[in-house]
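Student: Here it is, the structure, as structure tokens.
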Amino acid sequence: MTILFAIFANIAHPVTPRFIKGLGLGDSMFGWAFAGMAFTNFLFSPMWAALTKKWGSVNITVVSLIVYGLSQLMFGYATSASTIMMARLLGGLFVGGIQVSQLTYIVNNADEESKGKTLVNNATMQIVFGTIGYLIGGVIGDYSIIAAFHFQFIGLCVSAAFVFFFVTENPLSTTLERLSLKLMSPFTPFMKSDVNESKFLRNIFIISIVASVASVLYDQTFNYYMADYFNFEPSVNGIIKAITGITALVSNSTLTLWIIKKANISKALGYIFMIVSTLIVALISINNPLLFLVINILYFTIHAAYLPLVQKVVTDSAIDQNTTIGKINALKSLGMIIGAIIAGQGYAISKQLPFILASILFMIIGFMSLFNRKVNE
């Protein structure tokens with residue numbers, strides 16, 4: 001189910017910058033639209049974690065795929081800032097259901113020995129097949145933007161049907177526990193006893209939020225920058241994403257798995273964040289399109305390792321893994337909200353400002369990750 005979702009969830013991304021520019025809504029709108037999606041993702045991720053325990057990851061995935069597809073149709077036919085935000089808010093609610101149910105499915109169905117590898121494989125497949133979605137969407141978008149949204153909706157419905165008929169899960173993954181509003185709140189991740197009692201885990205949560213802010217600052221600006229500054233067609237965005245998917249596959253299949261098995265994950269995260277920070281610094285002064293794209297490919301290749309490493313260290317350190325998956329997805333979405341808003345507003349001030357801020361944040365959490373290694377020793 002990860003492969004299908006990764007492909008069809010990314011179909012509209014390469015056409016979104018041109019779609020928003022075509023409506024004449026201003027440079028900051030791309031940030032607000034993404035922030036709206038991230039906002040409902042943040043609010044309801046813990047709710048989805050609780051619902052997967054009650055009704056199963058497969059059922060939640062099927063419903064979420066269909067409604068997310070409908071929200072993308074709404075987005076494609078939007079003609080104003082208000083209708084775009086309505087579609088994005090609905091989309092964020094149900095894309096959170098898909099993301100959380102995928103991770104809880106792994107946590108509940110993989111054995112302890114293979115869980116780390118499975119999390120890495122899941123993150124890698126999202127990147128690799130997500131880039132295929134980018135490529136398909138970019139090619140379609142060169143001819144028709146609305147056709148990309150139609151294709152995405154059909155693909156998400158096909159994905160839902162595949163999950164419903166062919167994916168099974170461990171019946172022990174569901175529970176008869178009563179749903180608790182406190183359990184479903186996104187505002188209680190630091191109130192959990194395992195978080196309060198573990199400075200290491202608390203620091204990982206903070207690192208995760210800041211990494212999400214920096215990543216969205218870079219990613220959203222990069223997508224819009226290519227269409228606005230270099231005037232690339234949507235297909236170019238798709239081609240670049242496809243290349244980074246291949247390089248990320250190689251990186252995660254080798255380096256990331258080696259880190260999980262042999263190295264200190266916090267130390268490795270520190271170096272990864274510092275390297276991507278340095279790459280962004282190098283990118284800021286570049287006006288050559290080819291060199292710009294080469295550095296971006298290198299950035300995405302190295303950056304791809306951070307998320308599965310964070311997921312692995314969090315699930316290893318937490319007591320209630322299902323609940324923690326919902327919390328970490330909520331906190332990631334919180335970072336996405338902040339990052340998207342800053343990206344949109346910062347871009348309106350200076351096209352390079354979001355890149356500068358992303359570089360600074362990555363360097364900060366790089367040092368913080370190295371410090372957190374000592375906390376856990």
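Student: For the condition at pLDDT 85 or above and touching a Gly at 6+ places or on another chain (Cβ under 9 Å), what is the one hit in Ile338, Ile239, Ile275, Ile280? Even if it seems obvious, please write down each step before you answer.
Tutor: Values: Ile338 fails: touching a Gly at 6+ places or on another chain (Cβ under 9 Å); Ile239 fails: at pLDDT 85 or above; Ile280 fails: touching a Gly at 6+ places or on another chain (Cβ under 9 Å).
Checking each option against the conditions leaves just Ile275.
Student: If a residue must be buried (at least 19 other Cβ atoms within 10 Å of the Cβ) and among the hydrophobic types (A, V, I, L, M, F, W, C), how many such residues does the range 219-238 contain?
Tutor: 4
Student: Being within 27 Å of Met226 (Cβ to Cβ) and either touching a Leu at 6+ places or on another chain (Cβ under 7 Å) or surrounded by fewer than 17 Cβ atoms within 10 Å (Cβ to Cβ) (or both) narrows it down to one of Ile284, Ile280, so name that one. So that I can check it myself, show each step before the final result.
Tutor: Numbers: Ile280 fails: either touching a Leu at 6+ places or on another chain (Cβ under 7 Å) or surrounded by fewer than 17 Cβ atoms within 10 Å (Cβ to Cβ) (or both).
Selected residue: Ile284, the only one of Ile284, Ile280 that is within 27 Å of Met226 (Cβ to Cβ) and either touching a Leu at 6+ places or on another chain (Cβ under 7 Å) or surrounded by fewer than 17 Cβ atoms within 10 Å (Cβ to Cβ) (or both).
Student: May I pose another question? Looking at (1) buried (at least 24 other Cβ atoms within 10 Å of the Cβ); (2) aromatic (Phe, Trp, Tyr); (3) modelled with pLDDT of 90 or more, find the lone condition where Tyr77 falls short.
Tutor: All conditions pass for Tyr77, except number (1).
Student: Would you check if there is a residue in the range 251-259 being touching a residue at least 24 places away in the same chain (Cβ under 8 Å), under 16 Å from Ala214 (Cα atoms) and crowded, with 22+ Cβ neighbours inside 10 Å? Step through it out loud before you land on a result.
Tutor: Our first condition is that a residue be touching a residue at least 24 places away in the same chain (Cβ under 8 Å); within the range 251-259, this holds for 251-253, 255-257, 259.
Then keep just the ones that are under 16 Å from Ala214 (Cα atoms); that gives none.
No, the range 251-259 contains no residue that is touching a residue at least 24 places away in the same chain (Cβ under 8 Å), under 16 Å from Ala214 (Cα atoms) and crowded, with 22+ Cβ neighbours inside 10 Å.
Student: Name the residue, out of Thr79, Thr52, Thr40, that is touching a residue at least 40 places away in the same chain (Cβ under 8 Å), over 29 Å from Gln352 (Cα atoms) and of a type in the set (Ser, Thr, Tyr). Please lay out each step first, then the result.
Tutor: Values: Thr79 fails: over 29 Å from Gln352 (Cα atoms); Thr40 fails: over 29 Å from Gln352 (Cα atoms).
Sole residue among the options that is touching a residue at least 40 places away in the same chain (Cβ under 8 Å), over 29 Å from Gln352 (Cα atoms) and of a type in the set (Ser, Thr, Tyr): Thr52.
Student: Let me ask you something else. Surrounded by fewer than 23 Cβ atoms within 10 Å (Cβ to Cβ) and at pLDDT below 85: does that describe Asn329?
Tutor: Against the criterion (surrounded by fewer than 23 Cβ atoms within 10 Å (Cβ to Cβ) and at pLDDT below 85), Asn329 does not qualify.
The values are calculated or read from the model by the stated rules, or taken from the named source; none is laboratory data. Keep in mind it's a predicted model, so treat the numbers as computed, not measured. When we count neighbours, we look across all protein chains shown, and the Cβ atoms used for this are built from the backbone with ideal geometry, even at glycine.
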